[in-house]
1. Only one residue in Lys111, Lys131 is buried (at least 16 other Cβ atoms within 10 Å of the Cβ) and either touching a strand residue (DSSP E or B) at 6+ places or on another chain (Cβ under 6 Å) or more than 25 Å from Leu220 (Cβ to Cβ) (or both), so which one is that?
2. Got a sec? Which helices (runs of 4 or more DSSP H) wholly within the stretch 216-315 have at least 3 residues that are surrounded by fewer than 19 Cβ atoms within 10 Å (Cβ to Cβ) and without any contact (Cβ under 8 Å) to a residue 24 or more places away in the chain?
3. Conditions first: (1) among the charged types (D, E, K, R); (2) within 11 Å of the ligand (Cβ to nearest atom); (3) surrounded by fewer than 21 Cβ atoms within 10 Å (Cβ to Cβ). Asp50 passes all but one, so which condition is the exception?
4. Kindly establish whether Lys119 is in contact with a His (Cβ under 8 Å, 6 or more places away or on another chain) and of a type in the set (D, E, K, R).
5. Anything in the stretch 53-73 that is in a helix (DSSP H, G or I), touching a helix residue (DSSP H, G or I) at 6+ places or on another chain (Cβ under 7 Å) and within 12 Å of the ligand (Cβ to nearest atom)? List them, or say none.
6. Condition first: touching a residue at least 60 places away in the same chain (Cβ under 8 Å), in a loop (DSSP other than H, G, I, E, B) and not polar (S, T, N, Q). Now tell me which residues in the stretch 150-165 satisfy that.
7. Give me the pairs: first residue in the stretch 48-59 and at negative phi, second residue of a type in the set (A, V, I, L, M) and within 8 Å of the ligand (Cβ to nearest atom), beta-carbon distance under 8 Å, and six or more apart or on different chains, which are they?
8. Can you find a residue that is of a type in the set (S, T, N, Q) and either in contact with a Pro (Cβ under 7 Å, 6 or more places away or on another chain) or assigned to a loop (DSSP other than H, G, I, E, B) (or both) anywhere in the stretch 17-37?
Amino acid sequence: MTDNIKPKINLQTLKTYKEKKIPVAWITAYDFPVSYIAEKSGIDMILVGDSGGMVQLGYKTTNSVTMDEMITLAKAVRKGAPNTFIIGDMPQGSYEVSDEDAVRNALRFVKEAGCDAIKLEGGKRVSSRLKAINDSGILAMGHLGLTPQSAGSFGGYRVQCKTIKSYEQNLDDALVLQEAGAFAILLEAMPPEPAGQIASQLKIPIYGIGAGNLVDGQLLIAHDLLGFYNDFRPHFAKCFIPEVINSFSENIFPISNLKKYGVEERNDGLLHISELAIRKYVEEVKSGLFPDLNYNYNLKENELNELINSNKWLK
Ligand code: KIV
């Protein structure tokens, strides 16, 4: 397998990808090995998600993770992926209090951990924070749909945009974030059609996690993609290990091929099978194969008919 270190993505690349309808493939990472393989596998971007609080640090929800912990995770990710566009996820408590607080914590991601951008959850209620961060010269992206930090106020982890009210609220929030300077927005847990409407009504790239393939790119949590966390795995989160397990075991180098000294090119362990799985994910995202119907929140006919009646639905 040859290394595939691409030039680091920038805003212009992301805009061009949207215009040319080239889907962006990104994953989360929280440590050195996964970010190292992610970069090697040709991933476009990495999110150091606050989901790391659950899948890496073992908290029950993302709400416990602190800014200091996020910085430690992000530093390790930068070391593993020196050439990749990395987004630091603002944890709960790092941006709610004031614009100044939000800018100070966003700056920590850039200065201490070498991140290229930050992400924060919420719509109108965080637009002044996003604008302040953007005005300070740090790239900021939004996160709408299901926003885990405030899942309690939605009554738990619930699929969004199944009603006109929820769809219009998310579309309005997306427009406000675009106006505030967001360079992109992530939509979480919604059916493909409303997500696609939001993507086609905004100028900036709109990415999805559990939001179908009518958006401008896909995010998956690394531990879901690799089947490394079983406490909670939503059905859209495809594990790519079964698709590569046969080629992995059939192609292990014989021991006699290994070098005696220096860096050994072993392909018999977790690093290699994870690389195959991430490459498969990138391939399926780029070709539009992932996510298919099995990994969507599909609407019933009557639900779609209701949404289409919205005045904010492009006919
Ligand atoms: O923290 C994270 O990984 C995220 C995803 C759930 C979208 O924000």
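No lab work stands behind these numbers, since they all come straight from the coordinates. Not measured: the values here are computed from a predicted model. Using ideal geometry, Cβ is built from the backbone for each residue, glycine included, and neighbour counts are taken over all protein chains shown.
1. Numbers: Lys111 fails: buried (at least 16 other Cβ atoms within 10 Å of the Cβ).
Matching residue, one of Lys111, Lys131: Lys131.
2. 241-250, 301-308
3. The single condition Asp50 does not satisfy is (3).
4. yes
5. The answer is Gly53, Met54, Val55, Thr62, Asn63, Leu73.
6. Tyr157, Val159, Cys161, Lys162
7. Close Cβ pairs (under 8 Å, with a partner that is of a type in the set (A, V, I, L, M) and within 8 Å of the ligand (Cβ to nearest atom)) amount to Gly49/Ile221; Ser51/Ile221; Val55/Ile221.
8. Here is the first cut: in the stretch 17-37, the ones of a type in the set (S, T, N, Q) are 28, 35.
If we keep only those that are either in contact with a Pro (Cβ under 7 Å, 6 or more places away or on another chain) or assigned to a loop (DSSP other than H, G, I, E, B) (or both) as well, we get none.
Scanning the stretch 17-37 turns up no residue that is of a type in the set (S, T, N, Q) and either in contact with a Pro (Cβ under 7 Å, 6 or more places away or on another chain) or assigned to a loop (DSSP other than H, G, I, E, B) (or both).
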